[in-house]
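Structure, as structure tokens:
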Amino acid sequence: MTGPLDALTAAAGSGGGVTELEHGLRLVTDPTETERLLASKDTSTVRSARRTGITSWGPNGLDTWMAVRRAMRPFLTASRLTPAISVIAEQAERAVSAWPSPGVVDAGDATVSLISAVNTRHLLGETSEALSALVERELVLAGRTRWPLGRRRLRHAQRATYNAIRQHILTHPSPAGLRAVLTDHGFSEHTVTLTLRTMLLSSHHVPATALAWALHELSTHPDVQERARAEATAHPDPTADLPLCRAVIRETLRLHPPVWQLRRQLTAPTRGLPTGTTLLFSPYLNQHDPDAYPEPSRFHPQRWSPGFHPAPGSYLPFALGPRTCPASQLALTQLTVVLAAVLKNRHLTPHRDPAPTFGTLHAPRHLRLRVLPA
Ligand code: HEM
């Protein structure tokens, strides 16, 4: 364990489910309270102070964003994804075939470039290495805004991403992917550009981190890896149901939720807490609760057998409530398809153990995998 997680674990242990960390800040770990408070219409996300003119959604920004969320819903739901799955699988196979074999891959770099290619193609209708590089730069700089120079660089990077997306729109008169959906709903070009930027940023490091953790777990659990590979190779059709591969992803997101903590603010008095209270939730802590998951630290995909439903408030890798991840179904489907593509093509063994981080993301820093032909 590392600092921030140790501190939260200790606080949660002394608290009893809803713990006052400091005046106006509560840590919520009780699953029932988590479900109620996180899903309440009276919790709002704490806005990032890093927004600048070009990334502003305007005076009615939240209403616009919630309308965009509603419009995107069909594009992101499992039943509508089937036609896109073959494209996702093909894109993943192309990326994996570039991995040295035999060789060693840096799991962080390899998964970011794979997932970014898959998502850029899904969202815009084509891959763009230049745009992926801009998204990567913006996210890296967003993590380093403590100094004025850092903030200035971030503003430049935000403008560069925004302008590159606008340029893409101008040079591709026929909209494809998510852009086509948003254009059909009559959203302005600025809103379409901002939405594509938000979706590209959100679909870059977070799902890539989940994939890196999944590959780490499979490299250290060769028995599960072999069974998942057998399942994937027995079903050449990428749209086939792959229950074990899907369980590997679900279990990875339980054991290693990339978004390991969430903040919300109360906009009305709720359950005895005053307006303005900041609530801190930790998917990591709730998902390691031994009452919900026997042997919680064990990687055990088999626990996701048909009929297993985690208790309310005990599984929240995508958050819960009005600001839950709008792409959770896309992410689960996509990661399952990508995992199957990796396993069909490559065999994974450990090379360098990860140093788990608990910063903005819970990520497997320094993870290296030895890769062999499957
Ligand atoms: C394993 C993959 C993913 C995980 C674990 C994940 C998790 C999350 C979580 C926990 C949040 C809430 C964050 C907060 O409230 O602080 C969130 C929000 C969001 N996610 Fe995801 N996500 C994943 C993949 C994706 C993908 C692939 C996309 C886009 C294609 C996406 C788009 C978004 C957006 C736009 C939001 C902001 C929603 C809002 O504020 O209303 N996510 N995600």
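The numbers here are math on the coordinates, done by the rules we state, and not lab data. Because the structure is a prediction, the values reported are computed rather than measured. No Cβ is skipped: glycine too gets one built from the backbone with ideal geometry, and neighbour counts run over all protein chains shown.
Assorted remarks:
- Among T278, T193, T82, the residue with the largest mean-square fluctuation in a Gaussian network model of the chain, with springs joining Cα atoms closer than 10 Å, is T82.
- Summing charges over neighbours of V105, with a neighbour being any other residue whose Cβ is under 11 Å away from its Cβ, gives +2 when K and R count +1 and D and E count -1.
- Positive minus negative residues near R229 (Lys, Arg vs Asp, Glu; Cβ under 12 Å): 0
- Residue among P310, P207, P354 with the largest mean-square fluctuation in a Gaussian network model of the chain, springs linking Cα atoms under 10 Å: P310
- C-alpha center-to-center spacing [segment 132-169, segment 53-128] in angstrom: 18 Å
- Placing R0 at 30 angstrom, the Cβ-Cβ distance between T82 and L21 gives a FRET efficiency of 0.10 after rounding to 0.05.
- Among 336-342, 361-367, 58-64, 110-116, sorting by the average number of other beta carbon atoms lying within 10 angstrom of each residue, highest first, gives 336-342, 110-116, 361-367, 58-64.
- For segment 279-287, Karplus couplings with θ = phi - 60° (6.51, -1.76, 1.60), whole Hz, Gly/Pro x: 10, 10, 10, 10, x, 4, 5, 4, 7
- Cα gyration tensor shape for segment 178-248, rounded if a/c is under 1.5, else prolate or oblate: oblate
- In segment 261-296, trypsin sites (Lys or Arg not before Pro) in a DSSP loop with at most 13 other beta-carbon atoms within 10 Å: R271
- Chymotrypsin sites (Phe, Trp or Tyr not before Pro) within segment 294-372, DSSP loop, no more than 14 other Cβ atoms inside 10 Å: F308
- For the chain, the relative contact order works out to 28 percent when only alpha carbon pairs closer than 8 Å and six or more residues apart are counted.
- Around H309: net Lys/Arg minus Asp/Glu count, Cβ-Cβ under 14 Å: +2
- For a paramagnetic label modelled on R352 (point 7 Å from Cα along Cα→Cβ), amide N atoms under 19 Å away belong, within segment 90-130, to 99-114.
- Of the trypsin sites (Lys or Arg not before Pro) in segment 87-175, those whose Cβ has at most 12 other Cβ within 10 Å and which sit in DSSP loop: R144, R146
- Whole-Hz Karplus values for segment 306-311 come out as x, x, 7, 10, x, 4 Hz, taken residue by residue from phi with 6.51 cos²θ - 1.76 cosθ + 1.60 and θ = phi - 60°; glycine and proline positions read x.
- Placing pseudo-labels 7 Å out from each Cα toward the beta carbon at H366 and A240 gives an inter-label distance of 4.0 nm.
- Residue-averaged [θ]222 nm for the chain, counting only DSSP H segments that reach four residues, each worth -39500 (n - 2.57): -17500 deg cm²/dmol
- For the chain, modelled as a GNM whose springs connect Cα atoms under 10 angstrom apart, the maximal fluctuation among P258, P102, P326 occurs at P102.
- Couplings for segment 364-373, taken from phi via the Karplus curve 6.51 cos²θ - 1.76 cosθ + 1.60 with θ = phi - 60°, read x, 4, 6, 5, 10, 10, 8, 10, 10, x Hz in order; Gly and Pro are left as x.
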